[in-house]
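The values are calculated or read from the model by the stated rules, or taken from the named source; none is laboratory data. Remember, it's a predicted structure, so these values are computed and weren't measured experimentally. Reconstructed Cβ throughout: ideal geometry from the backbone, glycine too, with neighbour counts over all protein chains shown.
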Amino acid sequence: MSVALGNSSPPVLAALQACVGIAAAATAWGSWRRTKWAASAALVYGVVAAGMLVVLPSLLGLPAEARAGIWSGAAAVLVFAALCAMYFRADARRQSAQGSG
């Protein structure tokens, strides 16, 4: 988004932001439609978002004091994505059990 607004940022960061947005949109669509692949999309979102957080300090040249919460933030994103994936998988199983009964 920052590139679209005219701000310069590293191209790798812009690509990572686009990947996070695509994965988030796929997760939202899949969860809304209650698809079986929504859980996988949530995990992809978590991995891509956490990966972006991990490489962010080196991409932006952040000083050591600005890096303190990056790893814990990445871990929190991964935990949240895993919990969402577990919920989506359980919901898909409930849906298929109701449909076959």
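Can we say Gln95 is in contact (Cβ under 8 Å) with a residue 60 or more places away in the chain, out of contact with any Pro (no Cβ under 9 Å at 6 or more places or on another chain) and among the polar types (S, T, N, Q)?
yes
Table: residues versus (1) in a loop (DSSP other than H, G, I, E, B); (2) among the hydroxyl-bearing types (Ser, Thr, Tyr); (3) at pLDDT 95 or above.
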| position | (1), (2), (3) |
| --- | --- |
| Trp29 | no, no, yes |
| Lys36 | yes, no, no |
| Ala42 | no, no, yes |
| Tyr45 | no, yes, yes |
| Glu65 | no, no, no |
| Ser72 | no, yes, no |
| Phe80 | no, no, yes |
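Search region 20-36 for residues being of a type outside the set (Gly, Ala, Ser) and surrounded by 16 or more Cβ atoms within 10 Å (Cβ to Cβ), and hand back the single one that is farthest from Gly99 (Cα to Cα).
Val20
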